Amino acid sequence: MQDPGSAEAEPPDTAPGDASPGPLRADEFEQLTADIARPLHATALRLTRNRADADDLVQETLFRAFRSLATFRRGTKFRAWMFRILHNVFINRIRHEQLAPAATDPADIDPADAAHPVPDIRALGELPALADRHFDERVKAAVDALPENFRAPLVLFSVGDLSYQEIADTLGIPIGTVMSRLHRARKQLRNELLGYAREQRIGADDDGGRA
Amino acid sequence: MSGCERFARSLLAHLDGELRGAEAEAARAHEAACPPCGARAAAEREFEERVSAALLGASDGAADVVARGVGRARAPVTRLPGGSAVAWFRRPALRRAAAVAAVALVAVQAAWFFCIPPFECSYLQAVEETAEGLPPAPALATPSAAPCIERLCPAEALGPYRLQRAERTKVVVYGWPIDAKRAEYTGPDGPLTVIWCDGEVGEPSFRRRVERGGRTWWIASENGRSIVAWMCPVTETLCTLVAAAPEERLLALAETVRQGER
């Protein structure tokens, strides 16, 4: 998550600007990609929902990015540039497999979104511990179950750490649509996890009753 | 709308760092001043971090995948991970080579088409070969008793040249045999051959083309002989005259032959 207080500050993964003129060097590229390895791969994993495809997607993204280093402008955010390439490669792949999501989804624009805030997360009760694999799996399953239109903005935000505007640029959609999709994705994710929390509580009560 | 309601509406944008200016300042101030809203913001922040951690946690080994990907990207590979081929036209070296090859191919075709050495004109060669295929004719022998071939009866004399024989033959153009008739004459400059093609061969690809008497003539000089070709006015096929004679004389003789075809 971005620290609200540092939203205007230069992100740490911004490529060096005036100090090193010309296109990014290979060693700089290697360093910058190492810094975003986890979010890049995690985003690929959530987009493809398959580890082998995610590995391929990341590698093709790196390949294309490396071959396009001349088009990267120093001083701009390397992370956003990489995620844009990642998403483009992903879209090309699903288009190739004729699995492309509908370009426009009537559910995208919901004027009621703003009037209906997402459920208060405290309804979940105490969050499970960090190492709780069941919770993690449930989160992943809930994200994977989201429609592609909602999943991509959520993953780019939560994992890619991109701003709304960067997500809009990456997906080629207006920022208002990003906000709407992100809002609905979060609402759906929370509803899923609230269901999970209820199951857990019922399970705990049953165990308590038997004891 | 109370401060808490306003805060709740902008809570996620606030946590996402998407509020600017006065809105951001107001949200920060409310969060600090209102314990219930502060608690909710803290819970939301914790939840979002927990979700991010859950999603990132699935990427163990990401560093290896990325390191391998960078290694492959830096290597001079010709295939993308996943097996899709790199389009050859995206590779500058191959693109340059293809452009050079295309230009060379066009140049060679042009040279061949316009009979620029080392290429020779196919029809010219064919006519020469046809003319050379004749056995040596006896000097000033008696003309053939029956010189007509089908309805074509070559003149017994063309100026100082006397008809020796007339027969059917083939002109092989681009490996394609075309039926033709051939008459051989002898005169002061040696043999003179007239060839009438029966099938269409199109215009000859000779290097020179002259307009004379309102007609087009194609002229070539090869191996000490002059060759004159023209389109027969009736049959629209090609006729050719080959002799070791000056061009001007040959053109005059060709005009005589052409008139005799009517």
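Listing for the model above:
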read-out	value
Candidate set: region B:27-62, residues that are more than 7 Å from chain A (Cβ to nearest Cβ) and not in a helix (DSSP H, G or I); chosen: the one surrounded by the most Cβ atoms within 10 Å (Cβ to Cβ)	B:Cys34
Single match in A:Arg84, A:Arg38, A:Arg51 (criterion: modelled with pLDDT under 90 and within 28 Å of B:Glu18 (Cα to Cα))	A:Arg38
Number of the condition not met by A:Arg73 [criteria: (1) at pLDDT 75 or above; (2) part of a helix (DSSP H, G or I)]	(2)
Residues (under 18 Å from the mean Cα position of the chain (by Cα) and within 12 Å of chain B (Cβ to nearest Cβ)) located in region A:61-85	A:Thr61, A:Leu62, A:Met82, A:Ile85
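The values are calculated or read from the model by the stated rules, or taken from the named source; none is laboratory data. Please read all numbers here as calculations on a predicted model, not as lab measurements. Using ideal geometry, Cβ is built from the backbone for each residue, glycine included, and neighbour counts are taken over all protein chains shown.
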